[in-house]
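Here the structure is laid out as structure tokens; the discussion comes afterwards.
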Amino acid sequence: SPSDKPTFGERLHQWSVKAGAPINKMANKLGSEAFWPSSMDLECDKAARILQSFCSNSSNSSSSSKKPSQKALVKIPPRAIQTAAGLAIFTTFRTGLHVSGAGGSGVVVSRLPNGGWSPPSGFVVHTLGAGFMAGVDIYDCVCVLRTRDAVRAFSARPRLSLGGEIGLAAGPVGAGASFESALGGSAGDDTAKPVWSYMKSRGFYAGVQADGTVVVARPDANAAFYGRKGVTVDEILRGDVPAQGPPGMWPSGARQLMRALNAADGRRDADGSAAREPSRGPRPGD
């Protein structure tokens, strides 16, 4: 029937996923995460690896034989994750000189009333901003959404400018008293902003921030993942989506991400065992 035929948006989504496969494969060979929008199950696996690389103390244990770098490894303090109202995790490709452009993809999750995490909602990333950025690179980013309003901004707007429509600052990396001071930052302090960003390139501190990044929802990717046309970002971030049976859809397609979120939170799986960190697939970003 006509209603069963894929819409233009659905066909575009399918084409985009297929077209991006060789591009993402090349990014992996260069030692970076995939940045071209993929199917939601692959986006979730990527987000799991990125989050683990930012949070796990052991994620770089195998790289001790590499040449030392002046760039410092970035680790997100556990309390930043534990007190977060949500997380946006993505990879972005940036290029340019004097005028910088970017593209990328990722997912956003919200803290639920029970303390757990919502299903993920997919988005793409666009950036066009003034600034000096010579060369080309691929960056992994975790944005810690510190307030409910910051989370709602992802569902209330089809396009959201980080650092423009919502305040953003580089996230603190200290621990103990220094981090607790940042957590309760004063109104005039950058750390009081509702979003903290952490960025790195191939495992190391990138020296850039997510200001000017424009996040655009992926309704067709979400519809394919949740098996329901018209599913909204708000419904997803409230956890108001039914489980689907086929592999690659919710919840099986997000299993690695849920484990990574629980591990970063120090939570335990539903069966009472300690949350396992994701192990499926490499971490090209390290």
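The values are calculated or read from the model by the stated rules, or taken from the named source; none is laboratory data. Computed from a predicted structure; not experimentally measured. Please note: Cβ atoms are built from the backbone with ideal geometry, for glycine as well, and neighbour counts cover all protein chains shown.
Report, by residue number, each residue of region 101-116 that is within 15 Å of residue 81 (Cβ to Cβ) and surrounded by fewer than 24 Cβ atoms within 10 Å (Cβ to Cβ).
111, 112, 115, 116
Each row is one residue, and each column tells you yes or no for (1) charged (D, E, K, R); (2) farther than 21 Å from residue 144 by Cβ; (3) at pLDDT 55 or above.
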site	(1), (2), (3)
46	yes, no, yes
61	no, yes, no
74	no, no, yes
92	no, no, yes
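If you check residue 54 against the conditions, is it of a type outside the set (S, T, N, Q) and at pLDDT 90 or above?
Details: of a type outside the set (S, T, N, Q): yes; at pLDDT 90 or above: yes.
Yes: the conditions hold for residue 54.
Can you spot a residue in region 141-150 that is at pLDDT 95 or above, farther than 24 Å from residue 231 by Cα, of a type in the set (D, E, K, R) and touching a strand residue (DSSP E or B) at 6+ places or on another chain (Cβ under 7 Å)?
Yes, region 141-150 has at least one match.
For residue 169, indicate whether it is modelled with pLDDT under 85 and either closer than 24 Å to residue 117 by Cα or part of a loop (DSSP other than H, G, I, E, B) (or both). Reasoning before the result, please.
Numbers: modelled with pLDDT under 85: no; either closer than 24 Å to residue 117 by Cα or part of a loop (DSSP other than H, G, I, E, B) (or both): yes.
When the stated conditions are applied, residue 169 does not pass them.
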